[in-house]
């Protein structure tokens, strides 16, 4: 599993990043110009565990800045930046301070942001918010296989919501995605 | 036919437009930041708009196979409202984005001192961020506005080859051409420029350093007038190569000067279509 130490090690040869991390440590506001430019400054090569250089560099930049910068970086981020912040959240020592960012992502209509909000950091989401998020995935056609701890967290209330949704879809002559049906079956058996 | 519309305000257009554009061959667009019908009153209103043209619009466009980039600036009209001016301090954040390929639209609306100041400040930002600039010429007093814009561009020290001067017509084209900037034409249903007039201009000046766009927005405009211009060129004796240069290779060349124009998705899709069996039914 990726940790900040693993990512730091993976990028230890990246001299641009090494210099920029030192800059951000000295002047946290420098992150405003460096974070968006990550692909151009550090590259976009694949690393282990589904990370890329730019995503890992962005996680390390966030770790080098004071926690209050995280919300600002997310606020002004384009989609790739927002996705990188969401991916970095579980690695950062911020407790549940990142929950408003997940809630922001879940309000969007961008399937990539909604999917990213349901990664490991979604452990911090309240159960009712989490259920709505899972249902939104089903509604938008976001595959459920990416939802962190889905089988463990799914409860009878989510089952009731999915059954009602399946009924509406059925009335419209449409079907619910197969992964949502599979989840319903699992909930019935429990 | 592949079309790159170098200036279109998709935030004002419907998904039906995206559909029709994709069907007609539009594969890439650039959406410049500009004013909306309703004037804005605070910087937050701008940043939400910028977020939309670097976030939501590229996502919407991608659903139709269209690549979307943006240009970012404080437009000349709203540069006159002191409540909006603080957005200038937020521009560097946006000018650092991968999807931002120029500073724009900048230039003049009513040629006020405030517009002078904001125009010059944003040309300096283009130099700082190593970005080209997209300059709007005013709808009223256009000839004088064009000359004054060319003066400000010259004074700024930016390479004229990295500037597009837009919304030109028969009266203003000559001065812009001589100054060495890219010359832009917005093809509109009734105003600015028509496909047939455009063909005449191309006959006179050629296709080099010329950009043709629909500038479609919330007014009476048509996102397919780029395509109609291509058709008028073919009917008027231009070849397919001229059309491809004007409506694809030219905008690519202009915006590629940013170092950030990324058409890899589209090139991949075209490569797949041309060379791979999947889209030809597995044969």
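The values are calculated or read from the model by the stated rules, or taken from the named source; none is laboratory data. In this text, all values refer to a predicted model and were calculated from it rather than measured experimentally. Neighbour counts run over all protein chains shown; Cβ positions are idealised from the backbone, glycine included.
Just to be sure before I move on: is residue A:38 within 14 Å of chain B (Cβ to nearest Cβ) and farther than 20 Å from residue A:87 by Cα in the structure I sent?
So residue A:38 fails the test.
Yes or no: residue B:127 under 29 Å from residue A:35 (Cβ atoms) and touching a residue at least 12 places away in the same chain (Cβ under 8 Å)?
Criteria met by residue B:127.
Give the residues of the range B:79-95 that are over 16 Å from residue B:258 (Cβ atoms) and within 14 Å of another protein chain (Cβ to nearest Cβ), sorted by residue number.
B:87, B:89, B:90, B:93
Does residue B:87 fit the bill of being over 24 Å from residue B:159 (Cα atoms), surrounded by 22 or more Cβ atoms within 10 Å (Cβ to Cβ) and modelled with pLDDT of 95 or more? Steps first, please.
Working: over 24 Å from residue B:159 (Cα atoms): yes; surrounded by 22 or more Cβ atoms within 10 Å (Cβ to Cβ): yes; modelled with pLDDT of 95 or more: yes.
For residue B:87, the condition - over 24 Å from residue B:159 (Cα atoms), surrounded by 22 or more Cβ atoms within 10 Å (Cβ to Cβ) and modelled with pLDDT of 95 or more - is met.
Matching residues to (1) touching a helix residue (DSSP H, G or I) at 6+ places or on another chain (Cβ under 6 Å); (2) away from chain B (no Cβ under 14 Å); (3) part of a helix (DSSP H, G or I); (4) crowded, with 17+ Cβ neighbours inside 10 Å:
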site	(1), (2), (3), (4)
A:90	yes, yes, yes, yes
A:102	no, yes, yes, yes
A:115	yes, no, yes, yes
A:123	no, yes, yes, no
A:128	no, yes, yes, no
A:131	yes, yes, yes, yes
A:138	yes, yes, yes, yes
A:142	yes, no, no, yes
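From the list A:71, A:33, which residue is within 13 Å of chain B (Cβ to nearest Cβ) and either under 21 Å from residue B:130 (Cα atoms) or surrounded by 14 or more Cβ atoms within 10 Å (Cβ to Cβ) (or both)?
A:33
Within the range B:237-264, track down each residue that is in a loop (DSSP other than H, G, I, E, B) and either without any contact (Cβ under 8 Å) to a residue 40 or more places away in the chain or closer than 15 Å to residue B:4 by Cα (or both). Before you say what the answer is, go through the steps one by one.
The first filter runs over the range B:237-264 and keeps only residues in a loop (DSSP other than H, G, I, E, B), leaving B:237-239, B:257-263.
Within the range B:237-264, B:237, B:238, B:239, B:261, B:262, B:263 meet the criteria.
Would you check if residue A:184 is in a helix (DSSP H, G or I), away from chain B (no Cβ under 14 Å) and under 28 Å from residue B:61 (Cα atoms)? Please lay out each step first, then the result.
Details: in a helix (DSSP H, G or I): yes; away from chain B (no Cβ under 14 Å): yes; under 28 Å from residue B:61 (Cα atoms): no.
So residue A:184 does not fit the description; no.
With the checklist (1) within 14 Å of chain A (Cβ to nearest Cβ); (2) in a helix (DSSP H, G or I); (3) in contact with a helix residue (DSSP H, G or I) (Cβ under 7 Å, 6 or more places away or on another chain) in hand, flag the one item residue B:98 doesn't pass.
Of (1) within 14 Å of chain A (Cβ to nearest Cβ); (2) in a helix (DSSP H, G or I); (3) in contact with a helix residue (DSSP H, G or I) (Cβ under 7 Å, 6 or more places away or on another chain), only one is false for residue B:98: (2).
Yes or no: residue A:78 touching a helix residue (DSSP H, G or I) at 6+ places or on another chain (Cβ under 8 Å), closer than 30 Å to residue B:101 by Cβ and at pLDDT 95 or above?
Values: touching a helix residue (DSSP H, G or I) at 6+ places or on another chain (Cβ under 8 Å): yes; closer than 30 Å to residue B:101 by Cβ: yes; at pLDDT 95 or above: yes.
Yes, satisfied.
Consider residue A:53 against the criteria (1) buried (at least 16 other Cβ atoms within 10 Å of the Cβ); (2) farther than 13 Å from residue A:6 by Cα; (3) under 18 Å from the mean Cα position of the chain (by Cα): it satisfies all of them except one. Which criterion is unmet?
(2)
Identify, from the list A:66, A:36, the residue that is free of Cβ contacts under 8 Å to residues at least 40 places away in the same chain and outside any helix (DSSP H, G or I).
After ruling out the rest, the residue left standing is A:66.
Can you pull out the residues in the range A:34-47 that are touching a helix residue (DSSP H, G or I) at 6+ places or on another chain (Cβ under 8 Å) and closer than 17 Å to residue B:98 by Cα?
A:34, A:35, A:36, A:38, A:39, A:41, A:42, A:43, A:44, A:45
Take residue B:193 and decide whether it is surrounded by 21 or more Cβ atoms within 10 Å (Cβ to Cβ) and modelled with pLDDT under 95.
yes
Quick check: is even one residue across the range B:138-157 part of a loop (DSSP other than H, G, I, E, B), away from every other protein chain (no Cβ under 14 Å) and crowded, with 24+ Cβ neighbours inside 10 Å? Reasoning before the result, please.
First, the residues of the range B:138-157 that are part of a loop (DSSP other than H, G, I, E, B): B:138-141, B:157.
Now drop any that are not away from every other protein chain (no Cβ under 14 Å), which leaves B:138-141, B:157.
Applying the additional criterion that residues be crowded, with 24+ Cβ neighbours inside 10 Å yields none.
No, that holds for no residue.
Check the range B:106-128 and report whether any residue there is under 30 Å from residue A:42 (Cα atoms), in a loop (DSSP other than H, G, I, E, B) and within 14 Å of chain A (Cβ to nearest Cβ).
no
Could you list all residues from the range B:60-77 that are surrounded by 17 or more Cβ atoms within 10 Å (Cβ to Cβ) and touching a helix residue (DSSP H, G or I) at 6+ places or on another chain (Cβ under 8 Å)? Lay out the reasoning, then the answer.
Of the range B:60-77, the ones surrounded by 17 or more Cβ atoms within 10 Å (Cβ to Cβ) are B:60-61, B:64, B:66-77.
Hits for the range B:60-77 are B:60, B:61, B:64, B:66, B:67, B:68, B:69, B:70, B:72, B:73, B:74, B:76.
Go through the range A:9-29 and report how many residues are buried (at least 19 other Cβ atoms within 10 Å of the Cβ) and under 24 Å from residue A:68 (Cα atoms).
Residues in the range A:9-29 being buried (at least 19 other Cβ atoms within 10 Å of the Cβ) and under 24 Å from residue A:68 (Cα atoms): 4 in total.
Any chance the range A:15-33 includes a residue that's part of a helix (DSSP H, G or I), touching a helix residue (DSSP H, G or I) at 6+ places or on another chain (Cβ under 7 Å) and touching a residue at least 60 places away in the same chain (Cβ under 8 Å)?
No, the range A:15-33 contains no residue that is part of a helix (DSSP H, G or I), touching a helix residue (DSSP H, G or I) at 6+ places or on another chain (Cβ under 7 Å) and touching a residue at least 60 places away in the same chain (Cβ under 8 Å).
Tell me, which helices (runs of 4 or more DSSP H) lie completely within the range B:14-78 with 1 or more residues that are away from chain A (no Cβ under 14 Å) and without any contact (Cβ under 8 Å) to a residue 60 or more places away in the chain?
B:15-24, B:43-51
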